[in-house]
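What follows is calculated from the coordinates using simple rules that are stated; it is not laboratory data. Note that the coordinates shown come from a computational prediction; the quantities given were computed from them, not determined experimentally. Note: ideal-geometry Cβ built from the backbone for every residue, glycine included; neighbour counts use all protein chains shown.
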Amino acid sequence: MATDSLTAPDGAALRAASELVSALPPAPAAWCSGLHKRYRKRTAVEDVSLQVGRGEVVGLLGPNGAGKTTVIKMLLGLVRPDAGEAMLLGRPSADPAARARVGYLPELFRYQPWLSAAEVLALHVRLAGGDVSRAEQAECLSLVGLGGRAADRVGGFSKGMQQRLGLAVALVARPEFVVLDEPTSALDPLGRADVRDIVLELRTRGVAVLLNSHLIGEVERVCDRVVVLDRGRVAASGTLAELLGQRELRLQLTGLTPAAQQRLAATGRVDTDGAWLTVAVPADDDGTAAPDLVADLVALGVRVHAVEPVRISLEERLLGILRDGAASRAGEQS
Amino acid sequence: MTTSDTRPAPDRPAPPGASTLRTVLTVAALTLREASRRRVLLALAALTVALLVLSAWGFSRLAGEALTSGEARLTASIVLNLVMFGFSLVAALGTAFLAGPTLAGETESGIALAVLSRPIRRSAFLLGKWLGLVAFGSGFVVVAGLAEILVVRATVDYWPPSPVTALALLAAQTAVLLTLTVLLATAVSPMASGVIAVGLFCTTWVAGVVGAIGTALGNDAVAQVGAVSRVLLPTDGLWRGAMNAFQDPSAIVQFGGADQGAGAFPFLSVAPLSAAYLAWSAVWVLMIGGLAAAAYIRKDL
């Protein structure tokens, strides 16, 4: 078939090839594999691979100095990786054209203090090569709550207002992929809620988002998937359901027999805390584990006083991942 | 884990970003706007007006003296060169301290992060900055220089032999110094790049004067100092060419001839610029500019 199309006259081969390519699913919004970066003697990022699908909201979590911002900068072609590959919207990051449909709010956000907010947006639209009308630019400023300050110089803006402006800059050129590095670090609670709404709105429009934030609750509410970085490596990654899949049951029981204890241990790990027992429920539970366990315990003569489902928060899970990492490192050293 | 290790297939061609020319012009216009909105413009304007008024007063006093026409032309030439040197120094200071903040300062503060994450080439961005700065610096020396020429004409009725060449060479001198500052600003802090550039500018000028004294005294070793420094940093060479075009041709003879002391005098120039030296200056700008672009492209932001 390939030979046929190659020899076909009148550019039919070209047409066939273009049909073949257009039938392919679009490349991910961001993709990187085996990224490494060293700053002098310190390794900042080691063998990081991750992917942000089209229309997907991915959270990047990790302690200070985990390499989150460096990974973001390598994805955007602002920092040269020592090894590894990165692609944006199907193009290598080193190619400036890869960033044509990308919006970025840096962690260190500063905008030309001698320009007005509207002029900053106009500049970014020009540099992006886009065709965004004045009205749409003004709308973008209103979206981030700066509608009334369009003509004011950025030099007179507070940190929070500059961060809002940064958000408008990231959104103004109709991006297909938005990178937000600590987008709420300077914002008040109201501003944080605004950012959350904006990210959710982007998701409904099918815009992919990579969100780096210390506010785990924020990430938990808006992200489809989470990547946890620790000391420059990917410590965990998966959907929230995968990461938080592990649930627990808290039970208050009396009249525990050895047979009942065996039944409990068969469900999952058991921790005792005074009168309360905590049992881990398997991740693949389809909702029958708790009623089955209670029915069996009652049948074994145990008196059941209370049963409470416990949901593990992302914060607990994250701390668990980071502590496990620290413990295994300590184990390797000793 | 959903990450695939195979490289994704290339996507449909991405929409083209801003064309390189559009980027260069946008950044150049932005740099000019920055210059016009920062205090540096106000400071430049104040210094320029002060120099113009001072020289107008000086020249009008000169017109009152009983001088022969030859003496008057010699004095006008020397004082004109002196004032022009003042302008070129003001331009050097102004642009050097503008280039530092606009490049190194933006990298330090984070302004560059948002701008360079746009679909633009860093070399186009740097060229735009350079073009904006050169337009600003050259515009300043040409406007201020022309105003001074008119002041001289009005007060002592002296008109330099080739004012266009002279002003063009002054502008070229500013461009050369700016290129050096841009290179420095890709590597060191904003303040340091300005200080080093102005320091080198002054050093080359002093080396040029020392070399001229060496030539006048017939000491080749000392004369070499000026020749070598003029090749390393072409600001002084271009400045001497500009002086030659500002001064009256008879001034050297009036002063006692090229080998009698006029050559050693810092505000007279004995010879016009050679085409070879002009070509070298252009090559120098291309070389240093290319070096700056190479350094900037490799920089981790």
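With Cα atoms defining each centre, segment B:69-111 and segment B:225-294 are spaced 16 Å apart in the structure.
Taking A:Arg42, A:Arg323, A:Arg203 as the candidate residues, the one with maximal mean-square fluctuation in a Gaussian network model of chain A, Cα springs under 10 Å, is A:Arg42. Peptide A:122-131 is shielded by partner chain Cβ atoms: per residue, an average of 6 of them sit within 10 Å of its Cβ. Applying 0.36 nm per residue to the separation of A:Ala138 and A:Thr254 and subtracting their alpha-carbon distance, the gain on full extension is 35.1 nm.
Hey, with R₀ at 22 Å, roughly what FRET efficiency would B:Val206 and B:Ser274 work out to, going by the Cβ-Cβ distance, to 0.05? Between B:Val206 and B:Ser274 the formula returns 0.45. Put in line by how crowded their Cβ is, counting other Cβ atoms within 10 Å and starting with the fewest, A:His36, A:His305 read A:His305, A:His36. Note on A:Thr204 and B:Val283: their simple-model spin labels are 6.5 nm apart, each label 7 Å out from Cα toward Cβ. Summing +1 for each Lys or Arg and -1 for each Asp or Glu among the other residues whose beta-carbon sits under 13 angstrom from that of B:Gly105 gives 0. Take the Cα radius of gyration of segment A:30-242 and divide it by 2.2 N^0.38 Å, N being the number of residues; the result is 0.99. Put in order of Cβ neighbour count within 10 Å, fewest first, the listed residues B:Met243, A:Met161 become A:Met161, B:Met243.
Near B:Ala172, within a Cβ-to-Cβ distance under 14 Å, what is the net charge of the other residues, with Lys and Arg +1 and Asp and Glu -1? With Lys, Arg at +1 and Asp, Glu at -1, the neighbours total +1. Listed from fewest to most Cβ neighbours within 10 Å, the set A:Ser158, A:Ser93 follows the order A:Ser158, A:Ser93. Springs between Cα atoms under 10 Å define the GNM used for chain A, and in it the highest mean-square fluctuation of A:Val302, A:Val178, A:Val169 occurs at A:Val302.
Largest first and in whole Å, the equivalent-ellipsoid semi-axes of chain B read 44, 21, 15, each the square root of five times a Cα gyration tensor eigenvalue. The helix-based estimate of mean residue ellipticity at 222 nm for chain A, built from -39,500 (n - 2.57) per DSSP H run of four or more residues and divided by its residue count, is -12000 deg cm²/dmol to the nearest 500. Computed over chain B, relative contact order equals 24 percent, with contacts defined as Cα pairs under 8 Å that lie 6+ residues apart. Relative contact order of segment A:246-311: 52 percent, from C-alpha pairs under 8 Å at least 6 residues apart in sequence.
Working from Cα positions, state the angle (0 to 90°, nearest 10) between the long axis of helix B:275-298 and the longest principal axis of chain B. Around 30 degrees separate the two axes. Pairs from the list A:Lys73/B:Lys299; A:Lys37/B:Lys129; A:Lys73/A:Lys159; A:Lys37/A:Lys73; A:Lys159/B:Lys129 with a Cα-Cα gap above 19 Å: A:Lys37/B:Lys129; A:Lys73/A:Lys159; A:Lys159/B:Lys129.
If the chain linking B:Arg153 and B:Ala294 were pulled fully straight, counting 0.36 nm for each residue of separation and taking away their Cα-Cα distance, it would gain 46.1 nm.
Against chain B, whose longest principal axis comes from its Cα atoms, helix B:122-156 is set at around 20 degrees.
For B:Pro190, neighbours were defined as the other residues whose beta-carbon sits under 11 Å from its Cβ, and their charges (Lys and Arg +1, Asp and Glu -1) total -2. Geometric descriptor of the protein assembly as shown, per residue, is 241 Å³ (volume of the convex hull of the Cα atoms).
Centre-to-centre separation between the Cα atoms of segment A:232-264 and those of segment A:94-172: 46 Å.
Once the Cα-Cα distance is subtracted from the 0.36 nm per residue extended length, the A:Ala306 to A:Gln261 segment shows a gain of 14.5 nm. Among A:Gly232, A:Gly53, A:Gly130, the largest mean-square fluctuation in a Gaussian network model of chain A (Cα springs under 10 Å) belongs to A:Gly130.
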